[in-house]
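The values are calculated or read from the model by the stated rules, or taken from the named source; none is laboratory data. Just so it is clear, the model here is predicted, and its values are computed rather than measured. All Cβ positions, glycine included, derive from the backbone under ideal geometry; neighbour counts span all protein chains shown. Surface areas here come from the heavy atoms of the whole protein model, side chains and all, with no ligands, DNA or RNA. Shrake-Rupley method; radii C 1.70, N 1.55, O 1.52, S 1.80 Å.
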Amino acid sequence: MNLFMVVGAVAGGLVVFRIVFLWSVLINFVRRLWGLMEEWCYVYQFYRIPEYNENFQENQLYKKVSVYLGSLASLEDSDYANLFAGKKPNEIFLQLDPNQVVRDSFLGAKVSWRNESSSGRKSFVLRIRKQDKRRILRPYLQHIQTVADEMDLKRREVKLYTNGGTEAVGRWRSVAFTHPATLESIAMDADLKNKLRSDLESFVKGKQYYHRLGRVWKRSYLLYGPAGTGKTSFVAAMAKFLSYDLYEVDLGRVKDDSDLKSLLLQTSGKSVILVEDLDRFLAEKSGNVSISGILNFTDGVFSCCGEERVMVFTMNSRDNVDPSLLRPGRLDVHIYFPLCDFPAFKTLATSYLGVKDHKLFPQVEEVFQAGGKLSPAEIGEILIVNRSSPSRALKSVINALQSSNTTAAAAAGGVGTKTVRRLSESGSVNERSDDPEDTSAVVCRESVHTVREFRRLYGLLKMKSSGSRKNASFELDKEAS
């Protein structure tokens, strides 16, 4: 009995399978028949886009169409498509095989593309209904170029350029730009970060708007604040967000104003041009570039010889800088990078330690509110050294902030500036007389506090936490002051 039931079930399954199979074949046949009827009913216009023009120059539209077709979801339904690995890790993209067809739609109209190859000559052939061509042809081609440009921007390898070359080999030398900073990882006020992201996005999309205003399509930023507060990392994140090449201009290697103009002319579009520590350069007057040359560099006639550029200048302070350099049009956006506060610290803790909350966070916040000040770079160094133990890392941050607060309070209470401070293991501030010309600053003041010195401080704090009672202390190097 059971055998008969099994045989009956198998037979029934085969019948159902045959019915489904025949039904799918019938549906496919009807679709093909409908397609042939459409072919017969409509009159089509064909446009050929060759890889090279009559002068054997590369047809840029061909490249853009190739990139665009690779983005179509319908390409996966083509009979044949080639798979290629991109330059970035895990990047794979499709490309239409020769003599294959892919379909697309735009504004309700159906079009198709064929990749033709004959006698070594490649071309794409667009087929469009004649009744649709006047309505969609130009907008469709513009749409293709826009999508292709966006995809090229995402795929392109960002490079870092420095002006260390010669006329013979080129003034700019480049390497692949692999800085890991992103806008998400930057420790910055969330509202300010969102405004800057929106500003950058508006700039990228603003070509027509700038031209309508009669302005050059460029944007300039001033980043100022103490060293170690994340200005350079923000520039790196900005370049990665825009997928723009980064040109770092070393003014000390520039011969004169004319040489600076020549460098600018040799930069490309879609680039971020960076000049660091401009205030120090102007104060030391160590180069042959004048303030007039820098002004022309930012908004003179030569700055118009290339578009889609973002210019970025960094300074520790803008107090002693010529106001004519800071006005809008030359430096459009001014961004202050302060020493670390508690919200920025939480961002650092998430990035460095992988913790979004901790029982010691309230104590850290208290020390910040009490006046503790360290730069993000200093706090980042503590977190890196103690990354295996979040609790130890946060305790070390608390001790360092308390030490900076104690030292700052001692300085405010009348400790002379012509001394070298010494921080003992107990956290008290000692002082000794030294060279009267020495004007070193407070130990934890960010502008003179180096990573090397901070590691010494961390070693002493670690000795304290392990119960050591030795009279350990450290002293700032004179050259750091």
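Residue-by-condition table, conditions (1) in a loop (DSSP other than H, G, I, E, B); (2) open to solvent by less than 20 Å² (accessible area, probe 1.4 Å); (3) in contact with a Gly (Cβ under 8 Å, 6 or more places away or on another chain):
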| residue | (1), (2), (3) |
| --- | --- |
| Arg212 | no, no, no |
| Arg215 | yes, no, no |
| Arg219 | no, no, no |
| Leu223 | no, yes, no |
| Ala237 | no, yes, no |
| Phe241 | no, no, no |
| Tyr247 | no, yes, no |
| Lys255 | yes, no, no |
| Asp259 | no, yes, no |
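Summed over the stretch 137-161, residues that are at pLDDT below 90, farther than 23 Å from Gln100 by Cα and open to solvent by less than 50 Å² (accessible area, probe 1.4 Å) total 2.
Taking (1) surrounded by 13 or more Cβ atoms within 10 Å (Cβ to Cβ); (2) farther than 30 Å from Asn296 by Cβ; (3) of a type in the set (A, V, I, L, M, F, W, C) in turn, Ile384 satisfies each apart from (1). Regarding Leu192, is this residue aliphatic (A, V, I, L, M), open to solvent by 40 Å² or more (accessible area, probe 1.4 Å), in a helix (DSSP H, G or I) and within 30 Å of Lys346 (Cα to Cα)? The answer is yes for Leu192. Of the residues making up the stretch 347-364, those that are loosely packed, with under 14 Cβ neighbours inside 10 Å and assigned to a loop (DSSP other than H, G, I, E, B) are Gly354, Lys356, Asp357, Lys359.
When Lys395 is tested against the conditions (1) closer than 19 Å to Gly228 by Cβ; (2) of a type outside the set (Asp, Glu); (3) not in a loop (DSSP other than H, G, I, E, B), the lone failure is (1). Checking each residue in the stretch 184-228 for being of a type in the set (A, V, I, L, M, F, W, C) and over 25 Å from Thr298 (Cα atoms) picks out Ile186, Ala187, Met188, Ala190. Residues that are modelled with pLDDT under 70 and surrounded by fewer than 17 Cβ atoms within 10 Å (Cβ to Cβ) do occur in the stretch 402-410. Among the residues making up the stretch 93-136, those that are among the charged types (D, E, K, R), assigned to a strand (DSSP E or B), open to solvent by less than 70 Å² (accessible area, probe 1.4 Å) and closer than 20 Å to Gly70 by Cβ are Asp104, Glu116, Arg127. Of Phe21, Phe17, Phe46, all but one fail to be outside any helix (DSSP H, G or I), aromatic (Phe, Trp, Tyr) and modelled with pLDDT of 70 or more; the exception is Phe46. Report yes if Val367 is free of Cβ contacts under 8 Å to residues at least 60 places away in the same chain, open to solvent by less than 20 Å² (accessible area, probe 1.4 Å) and assigned to a helix (DSSP H, G or I), otherwise no. Considered against the rule, which asks whether it is free of Cβ contacts under 8 Å to residues at least 60 places away in the same chain, open to solvent by less than 20 Å² (accessible area, probe 1.4 Å) and assigned to a helix (DSSP H, G or I), Val367 comes out as yes. Checked against the criterion of being over 30 Å from Leu353 (Cα atoms) and open to solvent by less than 50 Å² (accessible area, probe 1.4 Å), the candidates Val175, Val204 yield just one match: Val204. Between Phe203, Phe234, the distinction of being of a type in the set (Phe, Trp, Tyr) and closer than 23 Å to Ser351 by Cβ belongs to Phe234 only.
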